[in-house]
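First the structure, in the form of C-alpha coordinates, and then the observations on it.
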Amino acid sequence: MGSLMSTLRNRRPTGVAEYPSARSPSVRTPLSASTHGGLIVGLGDPLVLQRVAGNVAVGAAVAAERPLESTQAALAQRWYRSHSDEYTPRMLRLIQERVHAPVTGRVSPAFVQAVAAWQRRFPGEVELDVDGIAGPAMLPRLFPDGLNELATARGYWTASHAVREEWQELGPVERVGRLVNEVNVALRETLVPQASFRGDDSVQGTARFQPSTWEILFDPRILVSGPKAAGMSGFDLTENVYHEARHAEQVFNMARMLAGSGLDEAGIQRQFRKDGSPGLPDHVVSRAWAYPLQRGTPLWLIAKQMFDFIYGHRGQKRLSALRAQSRKAEAAKLAALERAVTHPSRETSEEAALARIRADLALRRAEKAAPWENDAEETSYLLLEESPAAAYQRDRRPSAYEQR
Ligand SMILES: [Zn+2]
(Lines give C-alpha, C1' and ligand atoms only; values in the text may rest on other atoms or scores of the structure.)
Protein backbone atom coordinates (compact mmCIF):
# COMPACT_ATOMS: atom_id res chain seq x y z
CA MET A 1 0.00 0.00 0.00
CA GLY A 2 2.94 2.29 0.53
CA SER A 3 3.86 2.13 -3.12
CA LEU A 4 3.76 5.31 -5.12
CA MET A 5 2.27 3.32 -7.97
CA SER A 6 -0.79 2.39 -5.97
CA THR A 7 -1.22 5.73 -4.25
CA LEU A 8 -1.41 7.71 -7.48
CA ARG A 9 -4.39 5.64 -8.35
CA ASN A 10 -7.22 5.81 -10.85
CA ARG A 11 -9.53 8.75 -10.82
CA ARG A 12 -13.23 8.27 -10.80
CA PRO A 13 -15.10 9.15 -13.97
CA THR A 14 -16.91 12.42 -13.42
CA GLY A 15 -19.59 11.53 -15.93
CA VAL A 16 -20.35 15.00 -17.27
CA ALA A 17 -21.98 14.44 -20.62
CA GLU A 18 -21.19 17.60 -22.51
CA TYR A 19 -18.14 19.64 -23.27
CA PRO A 20 -18.58 23.13 -21.86
CA SER A 21 -17.20 26.21 -23.56
CA ALA A 22 -14.63 28.28 -21.72
CA ARG A 23 -17.18 30.90 -20.84
CA SER A 24 -20.00 28.63 -19.85
CA PRO A 25 -20.63 28.39 -16.13
CA SER A 26 -18.59 25.82 -14.32
CA VAL A 27 -20.00 22.33 -14.61
CA ARG A 28 -18.95 21.47 -11.10
CA THR A 29 -19.02 24.75 -9.25
CA PRO A 30 -19.26 23.81 -5.60
CA LEU A 31 -21.82 25.32 -3.28
CA SER A 32 -19.14 27.38 -1.60
CA ALA A 33 -18.67 29.43 -4.78
CA SER A 34 -19.47 32.95 -3.78
CA THR A 35 -17.65 35.29 -6.15
CA HIS A 36 -18.75 35.38 -9.74
CA GLY A 37 -18.31 38.05 -12.36
CA GLY A 38 -16.78 40.46 -9.86
CA LEU A 39 -20.10 40.99 -8.09
CA ILE A 40 -20.33 41.09 -4.35
CA VAL A 41 -22.20 37.98 -3.36
CA GLY A 42 -21.26 37.45 0.25
CA LEU A 43 -19.93 40.21 2.46
CA GLY A 44 -17.20 39.04 4.74
CA ASP A 45 -15.67 36.93 2.00
CA PRO A 46 -11.98 37.86 1.82
CA LEU A 47 -11.95 37.66 -1.97
CA VAL A 48 -14.75 40.16 -2.17
CA LEU A 49 -13.20 42.40 0.45
CA GLN A 50 -9.91 42.23 -1.36
CA ARG A 51 -11.51 43.56 -4.53
CA VAL A 52 -13.24 46.33 -2.65
CA ALA A 53 -10.74 47.51 -0.12
CA GLY A 54 -7.40 45.82 -0.61
CA ASN A 55 -5.24 43.77 1.67
CA VAL A 56 -5.31 46.06 4.69
CA ALA A 57 -9.04 45.65 5.22
CA VAL A 58 -8.78 41.90 4.69
CA GLY A 59 -6.04 41.68 7.27
CA ALA A 60 -8.21 43.51 9.79
CA ALA A 61 -11.26 41.34 9.06
CA VAL A 62 -9.32 38.09 9.29
CA ALA A 63 -7.47 39.18 12.42
CA ALA A 64 -10.82 39.69 14.13
CA GLU A 65 -11.80 36.06 13.59
CA ARG A 66 -11.29 33.40 16.23
CA PRO A 67 -12.42 30.11 14.65
CA LEU A 68 -10.60 27.88 17.17
CA GLU A 69 -11.54 27.12 20.76
CA SER A 70 -8.67 27.80 23.14
CA THR A 71 -7.85 24.08 23.54
CA GLN A 72 -7.75 23.65 19.74
CA ALA A 73 -5.55 26.73 19.46
CA ALA A 74 -3.21 25.28 22.09
CA LEU A 75 -3.05 21.96 20.21
CA ALA A 76 -2.20 23.71 16.96
CA GLN A 77 0.58 25.72 18.64
CA ARG A 78 2.02 22.56 20.14
CA TRP A 79 1.96 20.94 16.68
CA TYR A 80 4.08 23.73 15.18
CA ARG A 81 6.54 23.50 18.07
CA SER A 82 6.96 19.76 17.55
CA HIS A 83 7.61 20.41 13.83
CA SER A 84 9.99 23.32 14.35
CA ASP A 85 12.65 21.78 12.12
CA GLU A 86 10.28 22.32 9.17
CA TYR A 87 8.37 25.35 10.43
CA THR A 88 11.38 27.58 10.85
CA PRO A 89 11.01 31.30 11.68
CA ARG A 90 11.52 32.05 7.98
CA MET A 91 8.78 29.60 6.95
CA LEU A 92 6.46 30.97 9.63
CA ARG A 93 6.99 34.52 8.37
CA LEU A 94 6.09 33.45 4.81
CA ILE A 95 2.91 31.77 6.05
CA GLN A 96 2.04 34.69 8.32
CA GLU A 97 2.27 37.13 5.40
CA ARG A 98 -0.15 35.07 3.36
CA VAL A 99 -2.72 34.46 6.07
CA HIS A 100 -2.59 38.12 7.17
CA ALA A 101 -1.22 37.36 10.63
CA PRO A 102 1.34 39.57 12.39
CA VAL A 103 4.70 38.73 10.79
CA THR A 104 6.77 37.65 13.78
CA GLY A 105 8.33 34.34 12.74
CA ARG A 106 6.91 32.91 15.96
CA VAL A 107 3.97 30.68 16.82
CA SER A 108 1.24 32.47 18.78
CA PRO A 109 -2.52 32.22 19.39
CA ALA A 110 -3.07 35.02 16.85
CA PHE A 111 -1.11 33.06 14.24
CA VAL A 112 -3.02 29.77 14.57
CA GLN A 113 -6.33 31.68 14.59
CA ALA A 114 -5.33 33.48 11.38
CA VAL A 115 -4.44 30.12 9.76
CA ALA A 116 -7.82 28.71 10.84
CA ALA A 117 -9.63 31.79 9.49
CA TRP A 118 -7.86 31.33 6.16
CA GLN A 119 -8.80 27.64 6.12
CA ARG A 120 -12.41 28.45 6.83
CA ARG A 121 -12.57 31.03 4.06
CA PHE A 122 -10.62 29.15 1.42
CA PRO A 123 -13.07 28.78 -1.47
CA GLY A 124 -11.58 25.66 -3.06
CA GLU A 125 -13.37 22.56 -4.14
CA VAL A 126 -11.87 20.36 -1.45
CA GLU A 127 -12.72 21.79 1.96
CA LEU A 128 -9.79 22.26 4.30
CA ASP A 129 -9.90 21.13 7.91
CA VAL A 130 -10.20 24.21 10.12
CA ASP A 131 -7.52 23.29 12.65
CA GLY A 132 -4.98 26.13 12.48
CA ILE A 133 -2.32 23.78 11.09
CA ALA A 134 -0.84 24.86 7.75
CA GLY A 135 -0.01 21.30 6.70
CA PRO A 136 0.10 19.24 3.51
CA ALA A 137 -3.44 20.05 2.34
CA MET A 138 -3.18 23.79 2.89
CA LEU A 139 0.40 24.70 1.92
CA PRO A 140 0.03 23.98 -1.82
CA ARG A 141 -3.02 26.28 -1.82
CA LEU A 142 -1.19 28.98 0.07
CA PHE A 143 1.85 28.84 -2.24
CA PRO A 144 0.55 28.07 -5.76
CA ASP A 145 3.29 26.88 -8.08
CA GLY A 146 3.87 25.15 -11.43
CA LEU A 147 0.74 23.66 -12.96
CA ASN A 148 -1.12 25.06 -9.98
CA GLU A 149 -0.45 28.60 -11.19
CA LEU A 150 -3.42 30.18 -12.88
CA ALA A 151 -1.36 31.44 -15.85
CA THR A 152 -0.09 27.91 -16.55
CA ALA A 153 -3.57 26.41 -16.26
CA ARG A 154 -4.94 29.10 -18.58
CA GLY A 155 -2.24 28.36 -21.16
CA TYR A 156 -3.16 24.69 -21.24
CA TRP A 157 -6.86 25.50 -21.28
CA THR A 158 -6.50 27.86 -24.24
CA ALA A 159 -4.40 25.32 -26.14
CA SER A 160 -6.94 22.59 -25.41
CA HIS A 161 -9.53 24.80 -27.11
CA ALA A 162 -7.70 24.50 -30.39
CA VAL A 163 -7.75 20.73 -29.93
CA ARG A 164 -11.45 20.86 -29.17
CA GLU A 165 -12.17 22.83 -32.34
CA GLU A 166 -10.77 19.93 -34.34
CA TRP A 167 -12.28 17.33 -32.00
CA GLN A 168 -14.63 15.79 -34.58
CA GLU A 169 -11.86 15.33 -37.14
CA LEU A 170 -9.44 13.68 -34.69
CA GLY A 171 -9.28 9.99 -33.92
CA PRO A 172 -9.32 8.82 -30.26
CA VAL A 173 -5.55 8.39 -30.03
CA GLU A 174 -4.95 11.76 -31.70
CA ARG A 175 -7.23 13.52 -29.22
CA VAL A 176 -5.34 12.13 -26.27
CA GLY A 177 -2.01 12.70 -28.01
CA ARG A 178 -2.79 16.35 -28.70
CA LEU A 179 -3.88 16.96 -25.11
CA VAL A 180 -0.77 15.24 -23.73
CA ASN A 181 1.37 17.36 -26.09
CA GLU A 182 -0.22 20.49 -24.72
CA VAL A 183 0.24 19.43 -21.11
CA ASN A 184 3.88 18.66 -21.90
CA VAL A 185 4.27 22.29 -22.95
CA ALA A 186 3.08 23.27 -19.46
CA LEU A 187 5.36 20.69 -17.85
CA ARG A 188 8.36 21.94 -19.82
CA GLU A 189 7.77 25.46 -18.50
CA THR A 190 7.90 24.13 -14.97
CA LEU A 191 11.06 22.00 -15.62
CA VAL A 192 9.20 18.69 -15.32
CA PRO A 193 10.31 15.90 -17.73
CA GLN A 194 7.89 15.16 -20.56
CA ALA A 195 5.34 12.42 -19.98
CA SER A 196 4.31 9.87 -22.60
CA PHE A 197 1.06 7.91 -22.67
CA ARG A 198 -0.49 4.57 -23.59
CA GLY A 199 -3.50 2.43 -22.84
CA ASP A 200 -3.27 -0.04 -19.99
CA ASP A 201 -5.76 -2.69 -18.93
CA SER A 202 -5.11 -2.02 -15.25
CA VAL A 203 -6.76 1.40 -15.58
CA GLN A 204 -10.51 1.47 -15.38
CA GLY A 205 -12.62 4.50 -16.18
CA THR A 206 -10.01 7.22 -16.44
CA ALA A 207 -6.25 7.59 -16.22
CA ARG A 208 -3.31 7.14 -13.85
CA PHE A 209 0.20 8.51 -13.73
CA GLN A 210 2.91 5.84 -13.48
CA PRO A 211 6.13 7.30 -12.04
CA SER A 212 8.38 4.30 -12.86
CA THR A 213 7.91 4.76 -16.62
CA TRP A 214 6.87 8.43 -16.52
CA GLU A 215 3.67 7.64 -18.42
CA ILE A 216 0.06 8.63 -18.19
CA LEU A 217 -1.85 5.36 -18.51
CA PHE A 218 -5.38 5.53 -19.89
CA ASP A 219 -8.33 3.21 -19.83
CA PRO A 220 -7.77 1.49 -23.23
CA ARG A 221 -11.38 2.19 -24.23
CA ILE A 222 -10.53 5.91 -24.34
CA LEU A 223 -7.84 5.25 -26.94
CA VAL A 224 -9.96 2.82 -28.96
CA SER A 225 -13.36 4.51 -29.02
CA GLY A 226 -12.99 7.85 -27.23
CA PRO A 227 -13.74 9.18 -23.74
CA LYS A 228 -17.49 8.47 -23.92
CA ALA A 229 -16.74 4.75 -23.96
CA ALA A 230 -15.30 5.20 -20.45
CA GLY A 231 -18.18 7.38 -19.27
CA MET A 232 -16.27 10.64 -19.71
CA SER A 233 -16.84 13.82 -21.68
CA GLY A 234 -14.21 15.61 -23.70
CA PHE A 235 -13.92 18.10 -20.87
CA ASP A 236 -13.33 15.30 -18.36
CA LEU A 237 -10.51 14.03 -20.55
CA THR A 238 -8.97 17.51 -20.84
CA GLU A 239 -9.13 17.88 -17.07
CA ASN A 240 -7.84 14.37 -16.42
CA VAL A 241 -4.73 14.94 -18.51
CA TYR A 242 -3.95 18.04 -16.46
CA HIS A 243 -4.67 16.20 -13.21
CA GLU A 244 -2.29 13.35 -14.07
CA ALA A 245 0.36 15.81 -15.23
CA ARG A 246 0.15 17.45 -11.81
CA HIS A 247 0.99 14.04 -10.29
CA ALA A 248 4.09 13.99 -12.51
CA GLU A 249 5.04 17.40 -11.18
CA GLN A 250 4.43 16.29 -7.58
CA VAL A 251 6.72 13.28 -7.98
CA PHE A 252 9.37 15.36 -9.74
CA ASN A 253 9.29 17.92 -6.94
CA MET A 254 9.71 15.14 -4.37
CA ALA A 255 12.86 14.06 -6.21
CA ARG A 256 14.04 17.70 -6.32
CA MET A 257 13.34 18.00 -2.59
CA LEU A 258 15.53 14.95 -1.91
CA ALA A 259 18.27 16.54 -4.05
CA GLY A 260 17.90 19.74 -2.02
CA SER A 261 18.17 17.69 1.15
CA GLY A 262 21.65 16.57 0.11
CA LEU A 263 21.11 13.22 -1.64
CA ASP A 264 22.92 12.28 -4.84
CA GLU A 265 21.21 10.52 -7.74
CA ALA A 266 21.69 7.02 -6.32
CA GLY A 267 20.39 8.22 -2.96
CA ILE A 268 17.29 9.75 -4.53
CA GLN A 269 16.60 6.54 -6.44
CA ARG A 270 17.01 4.51 -3.23
CA GLN A 271 14.36 6.65 -1.51
CA PHE A 272 11.85 5.92 -4.26
CA ARG A 273 12.66 2.21 -4.13
CA LYS A 274 12.65 1.75 -0.41
CA ASP A 275 9.18 0.18 -0.33
CA GLY A 276 9.92 -2.19 -3.18
CA SER A 277 8.69 0.14 -5.92
CA PRO A 278 10.63 0.19 -9.20
CA GLY A 279 11.81 3.77 -8.61
CA LEU A 280 11.94 6.52 -11.24
CA PRO A 281 13.48 6.62 -14.74
CA ASP A 282 17.15 7.63 -14.47
CA HIS A 283 16.74 10.70 -16.69
CA VAL A 284 14.05 12.00 -14.32
CA VAL A 285 16.33 11.56 -11.32
CA SER A 286 19.25 13.26 -13.12
CA ARG A 287 17.11 16.23 -13.99
CA ALA A 288 15.77 16.49 -10.42
CA TRP A 289 19.34 16.39 -9.12
CA ALA A 290 20.22 19.23 -11.52
CA TYR A 291 17.36 21.36 -10.17
CA PRO A 292 17.30 20.84 -6.39
CA LEU A 293 14.61 22.53 -4.34
CA GLN A 294 16.20 24.78 -1.79
CA ARG A 295 15.79 23.42 1.71
CA GLY A 296 13.45 25.49 3.87
CA THR A 297 11.43 27.00 1.01
CA PRO A 298 7.66 26.44 0.80
CA LEU A 299 8.02 24.27 -2.31
CA TRP A 300 10.60 22.11 -0.55
CA LEU A 301 8.32 21.69 2.47
CA ILE A 302 5.27 20.86 0.32
CA ALA A 303 7.25 18.15 -1.50
CA LYS A 304 8.67 16.82 1.77
CA GLN A 305 5.26 16.56 3.43
CA MET A 306 3.83 14.76 0.41
CA PHE A 307 6.79 12.37 0.29
CA ASP A 308 6.57 11.67 4.03
CA PHE A 309 2.86 11.02 3.71
CA ILE A 310 3.30 8.51 0.89
CA TYR A 311 6.13 6.65 2.59
CA GLY A 312 5.10 7.30 6.16
CA HIS A 313 3.30 4.57 8.03
CA ARG A 314 0.64 6.59 9.83
CA GLY A 315 -0.70 8.47 6.83
CA GLN A 316 -0.91 5.29 4.79
CA LYS A 317 -2.75 3.41 7.50
CA ARG A 318 -5.41 6.07 7.80
CA LEU A 319 -5.71 6.26 4.03
CA SER A 320 -6.11 2.48 3.66
CA ALA A 321 -8.89 2.47 6.22
CA LEU A 322 -10.73 5.29 4.46
CA ARG A 323 -10.34 3.61 1.09
CA ALA A 324 -11.66 0.34 2.47
CA GLN A 325 -14.70 2.21 3.80
CA SER A 326 -15.17 3.82 0.42
CA ARG A 327 -15.05 0.48 -1.39
CA LYS A 328 -17.58 -0.94 1.05
CA ALA A 329 -19.93 2.02 0.53
CA GLU A 330 -19.53 1.64 -3.22
CA ALA A 331 -20.47 -2.05 -3.05
CA ALA A 332 -23.49 -1.23 -0.87
CA LYS A 333 -24.53 1.40 -3.39
CA LEU A 334 -24.40 -1.07 -6.28
CA ALA A 335 -26.40 -3.64 -4.30
CA ALA A 336 -29.03 -1.03 -3.42
CA LEU A 337 -29.26 0.09 -7.05
CA GLU A 338 -29.76 -3.47 -8.13
CA ARG A 339 -32.55 -3.96 -5.57
CA ALA A 340 -34.19 -0.77 -6.82
CA VAL A 341 -34.18 -2.17 -10.35
CA THR A 342 -35.31 -5.71 -9.55
CA HIS A 343 -37.87 -4.71 -6.88
CA PRO A 344 -38.99 -1.22 -7.85
CA SER A 345 -40.70 0.56 -4.97
CA ARG A 346 -40.47 3.86 -3.17
CA GLU A 347 -38.55 2.19 -0.39
CA THR A 348 -35.88 0.58 -2.58
CA SER A 349 -35.41 3.75 -4.62
CA GLU A 350 -34.97 5.82 -1.46
CA GLU A 351 -32.47 3.30 -0.15
CA ALA A 352 -30.56 3.50 -3.43
CA ALA A 353 -30.48 7.30 -3.30
CA LEU A 354 -29.16 7.21 0.27
CA ALA A 355 -26.56 4.58 -0.58
CA ARG A 356 -25.34 6.77 -3.42
CA ILE A 357 -24.90 9.75 -1.11
CA ARG A 358 -23.05 7.60 1.43
CA ALA A 359 -20.72 6.26 -1.27
CA ASP A 360 -20.01 9.78 -2.56
CA LEU A 361 -19.21 11.01 0.93
CA ALA A 362 -16.94 8.07 1.67
CA LEU A 363 -15.08 8.66 -1.59
CA ARG A 364 -14.65 12.36 -0.80
CA ARG A 365 -13.32 11.54 2.67
CA ALA A 366 -10.79 9.12 1.23
CA GLU A 367 -9.71 11.58 -1.46
CA LYS A 368 -9.39 14.43 0.99
CA ALA A 369 -7.07 12.35 3.16
CA ALA A 370 -4.50 12.03 0.36
CA PRO A 371 -2.74 15.39 -0.05
CA TRP A 372 -1.61 14.59 -3.61
CA GLU A 373 -5.19 13.89 -4.74
CA ASN A 374 -6.45 16.96 -2.96
CA ASP A 375 -3.78 18.99 -4.71
CA ALA A 376 -4.28 17.47 -8.18
CA GLU A 377 -8.01 18.00 -7.86
CA GLU A 378 -7.64 21.67 -6.94
CA THR A 379 -5.06 22.09 -9.70
CA SER A 380 -7.25 20.75 -12.50
CA TYR A 381 -10.07 22.83 -11.07
CA LEU A 382 -8.14 25.95 -12.09
CA LEU A 383 -9.08 25.14 -15.67
CA LEU A 384 -12.55 26.45 -14.97
CA GLU A 385 -12.39 30.19 -15.27
CA GLU A 386 -15.33 30.64 -12.93
CA SER A 387 -14.03 28.29 -10.27
CA PRO A 388 -13.31 29.67 -6.79
CA ALA A 389 -9.78 28.27 -7.00
CA ALA A 390 -9.15 30.44 -10.09
CA ALA A 391 -10.81 33.47 -8.50
CA TYR A 392 -8.63 33.09 -5.42
CA GLN A 393 -5.45 33.25 -7.47
CA ARG A 394 -6.69 36.09 -9.65
CA ASP A 395 -7.32 38.21 -6.59
CA ARG A 396 -4.28 37.34 -4.55
CA ARG A 397 -1.71 40.14 -4.40
CA PRO A 398 1.93 39.48 -3.52
CA SER A 399 2.53 40.50 0.05
CA ALA A 400 5.17 42.96 1.18
CA TYR A 401 7.39 40.16 2.50
CA GLU A 402 7.38 38.29 -0.81
CA GLN A 403 8.31 41.43 -2.73
CA ARG A 404 11.36 42.00 -0.59
ZN1 LIG B 1 -5.11 11.60 -9.02
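For residue 176, all conditions in the list (1) surrounded by fewer than 19 Cβ atoms within 10 Å (Cβ to Cβ); (2) over 20 Å from the mean Cα position of the chain (by Cα); (3) touching a residue at least 60 places away in the same chain (Cβ under 8 Å) hold save one; what is the number of the exception? Residue 176 satisfies all of (1) surrounded by fewer than 19 Cβ atoms within 10 Å (Cβ to Cβ); (2) over 20 Å from the mean Cα position of the chain (by Cα); (3) touching a residue at least 60 places away in the same chain (Cβ under 8 Å) except (1).
Looking at 271, 250, can you tell me which residue is more than 16 Å from the ligand (Cβ to nearest atom), in the same structural domain as residue 175 (by TED's automatic domain parsing) and under 20 Å from residue 300 (Cα atoms)? Lay out the reasoning, then the answer.
Details: 250 fails: more than 16 Å from the ligand (Cβ to nearest atom).
After applying the criteria, what remains is 271.
Do the conditions hold for residue 219, that is, is it crowded, with 20+ Cβ neighbours inside 10 Å, in the same structural domain as residue 384 (by TED's automatic domain parsing) and among the acidic types (Asp, Glu)? Before you say what the answer is, go through the steps one by one.
Working: crowded, with 20+ Cβ neighbours inside 10 Å: yes; in the same structural domain as residue 384 (by TED's automatic domain parsing): yes; among the acidic types (Asp, Glu): yes.
The answer is yes for residue 219.
Scanning segment 66-99 for residues that are in contact with a helix residue (DSSP H, G or I) (Cβ under 6 Å, 6 or more places away or on another chain) and open to solvent by 100 Å² or more (accessible area, probe 1.4 Å) gives a single hit, 66.
Only one of the numbered conditions (1) within 21 Å of the chain's Cα centre (by Cα); (2) closer than 27 Å to residue 288 by Cα; (3) surrounded by fewer than 20 Cβ atoms within 10 Å (Cβ to Cβ); (4) small (Gly, Ala, Ser) is not met by residue 261, and that is (1).
The values are calculated or read from the model by the stated rules, or taken from the named source; none is laboratory data. Please read these numbers as outputs of a predicted model, since none were measured by experiment. So basically every Cβ, Gly included, is an ideal-geometry build from the backbone, and we count neighbours across all protein chains shown. Heads up: the accessible areas ignore ligands, DNA and RNA and are worked out on the full protein's heavy atoms, side chains in. Shrake-Rupley method; radii C 1.70, N 1.55, O 1.52, S 1.80 Å.
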